[in-house]
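Comments concern the structure below.
Derivation of every value follows stated rules applied to the coordinates shown; laboratory data play no part. Because the structure is predicted, anything quoted here is derived from the model rather than measured. We place every Cβ from the backbone using ideal geometry, glycine too, and count neighbours over all the protein chains shown.
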Amino acid sequence: MLELFVYLLCGSILVSGILAVRLASTLAAAVSGGLASLFAAVCYVMLGAPDVAMTEASIGSGLSVLIFLYAIRRTTEKAP
Amino acid sequence: MAEQILMAAAILIFLGVAFSVLRLILGRTVIDRVAAVDTLTVVSISLIALYAHVAGRSIYLDVALVYGVLSFLAVLAIARYLEQGL
């Protein structure tokens, strides 16, 4: 059962990464990139590294999306 | 009895992750994708809590706690972005 969850999480990381590259909207791409980081954090917990998962959840999934959106807002002229 | 409850919880979490990822792939608007991400955050917290019980390690609950405290940040940033505020 646990292996099934790890496979599902790894497949979701793959799907999120492909979507982050392929999506046309920059905002949706940033959201998908944050989601890949979210799945990676859960995967780290299942692999037995809770401290790495805590750092990944706080920085990768929270702060990086915030910085991405700030950069997108500052570098585009018109509203999305 | 407890085994069946844990199995049912695992199946529900599995279905939640699968359908939310499906919504993320199919999503027509950005709002649909943001809602899917928010749902996935909650489902991930419950998955970590379930795994903490299955593995018998209470240290994993700390990860779920930190995640629950910080998970609103991304959705809040996206909402501010959509309202032209960020």
Considering only residues of the range A:48-66 that are farther than 12 Å from B:Y51 by Cβ and more than 8 Å from every other protein chain (Cβ to nearest Cβ), which is surrounded by the most Cβ atoms within 10 Å (Cβ to Cβ)? A:E56
Scan the range B:5-48 residue by residue and report those that are of a type in the set (G, A, S) and surrounded by 18 or more Cβ atoms within 10 Å (Cβ to Cβ). B:A10, B:S20, B:G27, B:A36, B:S44
Failed item, numbered, when B:L82 is tested on (1) within 9 Å of chain A (Cβ to nearest Cβ); (2) within 21 Å of A:Y44 (Cα to Cα): (2)
Pairs under 9 Å by beta carbon, first residue on the phi > 0 side of the Ramachandran plot in the range A:29-57, partner among the basic types (K, R), six or more apart or different chains? A:G48/B:R57
Looking only at the range B:46-76, count how many residues are assigned to a helix (DSSP H, G or I) and touching a residue at least 12 places away in the same chain (Cβ under 8 Å). 16
Qualifying positions in the range B:50-67 - under 15 Å from A:D51 (Cα atoms) and not charged (D, E, K, R): B:A52, B:S58, B:I59, B:Y60, B:L61, B:V63, B:A64, B:L65, B:V66, B:Y67
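Hey, could you check the range A:1-47 for residues that are hydroxyl-bearing (S, T, Y) and at the interface with chain B (Cβ under 8 Å from one of its Cβ atoms) and say which is surrounded by the fewest Cβ atoms within 10 Å (Cβ to Cβ)? Write out each step before concluding.
Step one: filter the range A:1-47 for residues hydroxyl-bearing (S, T, Y), giving A:7, A:12, A:16, A:25-26, A:32, A:37, A:44.
Remaining after also requiring at the interface with chain B (Cβ under 8 Å from one of its Cβ atoms): A:12, A:16, A:25, A:32.
Numbers: A:S12: 23, A:S16: 25, A:S25: 13, A:S32: 24.
Per the criteria, the residue is A:S25.
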